[in-house]
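Following: one structure in structure tokens, then a few remarks.
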Amino acid sequence: MQIGTFGQPLWCHAHGDKMTVENFNRETNQLVLSGSVARLYISHVFGSQKEWAVDWEITEPNGKVVGSTIFSNTDLALAFDIISGFNHEELAKRYDAESASQGRYIRWKRYLNIPCPGTGLDGDPNISIWLSEPIKNAVKELLYNVGF
């Protein structure tokens, strides 16, 4: 594993540690994480007990990047380090990650990128998150609210 200046994997932006829980609605199972230039929205897919809409936006000086994907309960639990394992072994091995799912996330220890690894520099179209206890606990509560 190649490690950056602040102890994060090279594919993860060092500002991932600025992400915090902005809003957590327990009644609607919606969570918003935000940082200085990034925002991640996690919301339960209506009518499904097993799927989550994961949307992100990054505002850079050159414009805004937005993305969206669907996570299963297991994807969400693996990505946010609630359970151990991986969905895409080859991707995890290629980047020395602990867990990965192609087109959704890559994670090493508490460093998470959605939807993929990046350069770790400004301008990447992915979002980096350092998984603090408040973030992990909010995601864990989301999952348990739907019977995971």
State yes or no: is Asp55 acidic (Asp, Glu) and over 20 Å from Tyr111 (Cβ atoms)?
yes
Of Ser34, Ser101, Ser68, the only residue that is among the hydroxyl-bearing types (Ser, Thr, Tyr), surrounded by 15 or more Cβ atoms within 10 Å (Cβ to Cβ), under 16 Å from the mean Cα position of the chain (by Cα) and closer than 14 Å to Pro115 by Cβ is Ser101
Filter the stretch 71-96 down to residues that are at pLDDT 90 or above and among the aliphatic types (A, V, I, L, M) and give me whichever is surrounded by the most Cβ atoms within 10 Å (Cβ to Cβ).
Ala79
Of (1) within 13 Å of the chain's Cα centre (by Cα); (2) over 28 Å from Glu27 (Cα atoms); (3) among the aliphatic types (A, V, I, L, M); (4) part of a loop (DSSP other than H, G, I, E, B), Leu121 satisfies all except one. Which?
(1)
Would you mind telling me which numbered condition in (1) touching a Phe, Trp or Tyr at 6+ places or on another chain (Cβ under 8 Å); (2) part of a loop (DSSP other than H, G, I, E, B); (3) among the small types (Gly, Ala, Ser) Ser84 fails?
(1)
Out of Leu131, Leu121, report the one residue that is within 18 Å of Gly35 (Cα to Cα), modelled with pLDDT under 90 and of a type in the set (A, V, I, L, M).
Leu121
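Answer yes or no as to whether Ala53 is under 15 Å from the mean Cα position of the chain (by Cα), buried (at least 17 other Cβ atoms within 10 Å of the Cβ) and more than 19 Å from Ala14 (Cα to Cα).
Numbers: under 15 Å from the mean Cα position of the chain (by Cα): yes; buried (at least 17 other Cβ atoms within 10 Å of the Cβ): no; more than 19 Å from Ala14 (Cα to Cα): yes.
When the stated conditions are applied, Ala53 does not pass them.
Given the options Phe46, Phe80, Phe71, name the one that is in contact (Cβ under 8 Å) with a residue 40 or more places away in the chain and either hydrophobic (A, V, I, L, M, F, W, C) or more than 20 Å from Ile135 (Cα to Cα) (or both). Working first, answer last.
Numbers: Phe46 fails: in contact (Cβ under 8 Å) with a residue 40 or more places away in the chain; Phe71 fails: in contact (Cβ under 8 Å) with a residue 40 or more places away in the chain.
Phe80 is the lone residue from the list that is in contact (Cβ under 8 Å) with a residue 40 or more places away in the chain and either hydrophobic (A, V, I, L, M, F, W, C) or more than 20 Å from Ile135 (Cα to Cα) (or both).
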Kindly provide the set of residues from the stretch 27-43 that are over 16 Å from Ser132 (Cα atoms), of a type in the set (Val, Ile, Thr) and at pLDDT 95 or above, ordered by number.
Ile42
How about the stretch 1-56: which strands (runs of 3 or more DSSP E) wholly inside it have at least 2 residues that are touching a Pro at 6+ places or on another chain (Cβ under 9 Å)?
20-25
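The values are calculated or read from the model by the stated rules, or taken from the named source; none is laboratory data. In this text the structure is predicted, and so the values were computed from the model without any measurement. Cβ atoms come from the backbone with ideal geometry, glycine included; neighbour counts cover every protein chain shown.
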